[in-house]
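Here's the structure we're looking at; comments come further down.
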Amino acid sequence: MKSAWKVGSSQIVVIVLVVLVAAFDLEACASAPMYTSKADLAGSAPIHSVLAVHNLRKDDFGFGMFGRGLRASLTSALDACGVKSRILQVDPTDLTLNERIEQNVQEFHPSAVLYIKIIRRETGIFRSQYGTAVTEEWTFDLGMLDVAANKQIWVARTMSKFKSKYIAPGMDFATSIVSRLRDDSVLKGCPTESTGWPIVPHLPRCGDERRAIVKQAQLTTDMAERKRLIDTMPICD
């Protein structure tokens, strides 16, 4: 396993960068099923840890709450599958992006890397007996890379419509991703559909979470760990 890391980490970074700037060759579907996906699991080993890389930005979504719900629920759902996780928010225009990804790969040693990428946004109006609200329909490309095999084992496209920008929609989106990975046999040992996903513990207020992470970062003398902690801070509205 160690030799695979030495050989493949730079190649992994290249694949991550390509995924973040390109779109997959999948047709998006607005009606059920929400996902279009395909898997190639030949030669891949069981997944025990995942580095999730996403490009969700405050300027795109306008909500820190959605991102917090997404992170909390994604971590919880993967844990229910017996998979440890680390989540990394990235900006494709960041000049240090390749170093950040490679550093996280080398530190965390994930067996797979999951990509979550926004590719399209449409805004509309939702009307009901209670009034009107803005809805946002987002198209995401997703993919998973087997690190040891240095190959992409799963790609997907999904269209999700959000009527609010708070925790619950982010949590629902996260569990839908892990559910699809389970249904496509990419992840083993997950709860069945009838069992359902575990309830995510109550999330602290965004500002409180940021302050707690800042305090933790100030207490460490390890600059790499301090930078990693700062990278995990939620974006608050």
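Here are a few things to note about the model shown:
- The condition of being aliphatic (A, V, I, L, M), within 18 Å of S73 (Cα to Cα), at pLDDT 90 or above and out of contact with any Asp or Glu (no Cβ under 7 Å at 6 or more places or on another chain) does not hold for V186.
- Selection within region 69-108 - hydrophobic (A, V, I, L, M, F, W, C) and either assigned by TED's automatic domain parsing to the domain that holds E209 or part of a loop (DSSP other than H, G, I, E, B) (or both): C81, V83, V90, L95
- Restricting I213, I230 to those that are under 26 Å from E102 (Cβ atoms), modelled with pLDDT under 90 and either surrounded by fewer than 14 Cβ atoms within 10 Å (Cβ to Cβ) or in contact with a Cys (Cβ under 7 Å, 6 or more places away or on another chain) (or both) reduces the list to I230.
- Residue in region 124-138 that is buried (at least 21 other Cβ atoms within 10 Å of the Cβ) and either modelled with pLDDT of 90 or more or at positive phi (or both) present: no
The values are calculated or read from the model by the stated rules, or taken from the named source; none is laboratory data. These numbers were taken from a predicted model, which means no experiment stands behind them. With ideal geometry, Cβ positions are generated from the backbone for all residues, glycine too; neighbour counts draw on all protein chains shown.
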